[in-house]
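The values are calculated or read from the model by the stated rules, or taken from the named source; none is laboratory data. Please read all numbers here as calculations on a predicted model, not as lab measurements. Positions of Cβ are generated from backbone atoms using ideal geometry, with glycine treated the same way; all protein chains shown enter the neighbour counts.
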Number of protein chains: 2
Amino acid sequence: MPESENPYCQCLYYSANALSRLITKMAEEEFATTGLTPSYAFIMMSLNKHEGLSPGELANIMMLTPSTITRLVEKLEVKGLAKRTFKGRNTIIQSTTKGKELNDIILKAWNNLFKRYSEVLGENEASRLTSALYASAEKLNKS
Amino acid sequence: MPESENPYCQCLYYSANALSRLITKMAEEEFATTGLTPSYAFIMMSLNKHEGLSPGELANIMMLTPSTITRLVEKLEVKGLAKRTFKGRNTIIQSTTKGKELNDIILKAWNNLFKRYSEVLGENEASRLTSALYASAEKLNKS
DNA sequence: GTTAATTATTTGTATGTACAAACATATTAA
DNA sequence: TTAATATGTTTGTACATACAAATAATTAAC
């Protein structure tokens with residue numbers, strides 16, 4: 001639909017969600033090689049980078065809520081990619097051997113995703129858009 | 001988290017989704033006065049503007065799938081805000097009197113949403129970001 | 001040292017969204 | 001005119017995510 005015909009195109013809520021759905025679909029396609037959907041893949045990347053993270057830390061990194069992290073990690077445990085150890089009121093989440101073995105494939109998929117949307121949007125435009133999005137998310141997060 | 005510390009801030013998937021969740025939350029707060037969540041409010045605005053839309057048309061306007069539209073409209077029917085009439089394989093969705101009465105409140109909420117995020121991001125920056133998002137969504141949609 | 005307040009995590013429940021399959025109708029081709 | 005194909009919509013099912021409440025554990029206050 002051409003911009004002039006869409007009454008919602010000047011609404012940040014509408015446009016941000018439209019883009020989010022499209023890029024999520026593309027990410028799902030690219031991460032399919034890993035057997036994971038993007039959220040899970042991002043958590044695995046974090047766990048493979050840092051040896052032991054709490055749900056709270058992971059929630060911060062991912063900009064998700066702790067309860068969502070719990071839900072996602074439960075499923076990674078079932079797949080044998082992550083494990084939790086409970087210590088008092090704290091939980092430590094770690095990648096398993098199987099999880100670490102996945103890392104290269106995940107990074108490759110992530111890179112393919114980057115290349116794919118950069119081809120559609122142009123590398124500079126994609127980069128500019130991403131920075132602007134992240135900066136705005138930071139501002140909204142703090143407001 | 002400062003940009004330099006976040007390894008995902010240069011990923012469009014990550015940033016777009018982070019922003020999407022934040023702006024959706026803000027929109028939910030602003031549209032709360034209407035008794036509707038943002039998606040429903042947008043559908044009502046469309047129905048109040050065009051006298052009779054098919055699920056397919058509505059899906060196009062909203063950049064959602066027809067099945068999602070069916071689901072949303074079913075609930076608007078339960079609330080007495082919309083009604084469907086079936087004609088052959090086609091469906092026509094219309095706003096009810098009760099739905100039309102909501103229009104002013106919805107438009108006011110939408111305007112408040114605009115003002116609120118413009119205050120946080122700056123009106124120019126918000127406007128630029130929205131245009132860039134919409135343009136990119138269009139490109140991805142066609143690719 | 002016991003009580004109160006705070007913090008970290010998980011659970012119950014709800015919601016928006018999509019995909020694939022199922023229907024139902026319309027259109028085209030033989 | 002029947003058979004084959006295409007189109008529009010709805011249903012079954014699944015998933016990521018969040019909120020509010022429940023747990024559990026730590027820290028602070030008296």
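Brief remarks follow.
- Criterion (among the hydrophobic types (A, V, I, L, M, F, W, C), free of Cβ contacts under 8 Å to residues at least 40 places away in the same chain and in contact with a Ser or Thr (Cβ under 7 Å, 6 or more places away or on another chain)) met by exactly one of A:47, A:58: A:58
- Residue within segment A:32-42 that is of a type in the set (Val, Ile, Thr), more than 14 Å from DNA strand C (Cβ to nearest atom) and not in a helix (DSSP H, G or I) present: no
- Yes/no for residue B:35 being away from chain A (no Cβ under 14 Å), more than 7 Å from DNA strand D (Cβ to nearest atom), at positive phi and in contact with a strand residue (DSSP E or B) (Cβ under 6 Å, 6 or more places away or on another chain): no
- Scan of segment A:84-94 for residues that are over 15 Å from residue A:66 (Cβ atoms) and surrounded by fewer than 16 Cβ atoms within 10 Å (Cβ to Cβ), ordered by number: A:85, A:87, A:88
Table: residues versus (1) within 30 Å of residue B:126 (Cα to Cα); (2) modelled with pLDDT of 95 or more.
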residue	(1), (2)
A:52	no, no
A:66	yes, yes
A:70	no, yes
A:76	no, yes
A:95	no, yes
A:100	no, yes
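- Those residues of segment A:43-52 which are within 13 Å of DNA strand C (Cβ to nearest atom) and within 13 Å of chain B (Cβ to nearest Cβ), in sequence order: A:43
- Filter result (closer than 14 Å to residue B:18 by Cβ and surrounded by 18 or more Cβ atoms within 10 Å (Cβ to Cβ)) within segment A:17-42: A:17, A:19, A:20, A:23, A:27, A:38, A:39, A:42
- Elements of type helices (runs of 4 or more DSSP H) contained in segment B:61-143, each with 3 or more residues being more than 9 Å from chain A (Cβ to nearest Cβ) and in contact (Cβ under 8 Å) with a residue 40 or more places away in the chain: B:103-121
- Scanning segment B:43-60 for residues that are surrounded by fewer than 15 Cβ atoms within 10 Å (Cβ to Cβ) and not in a helix (DSSP H, G or I) gives B:50, B:51, B:52.
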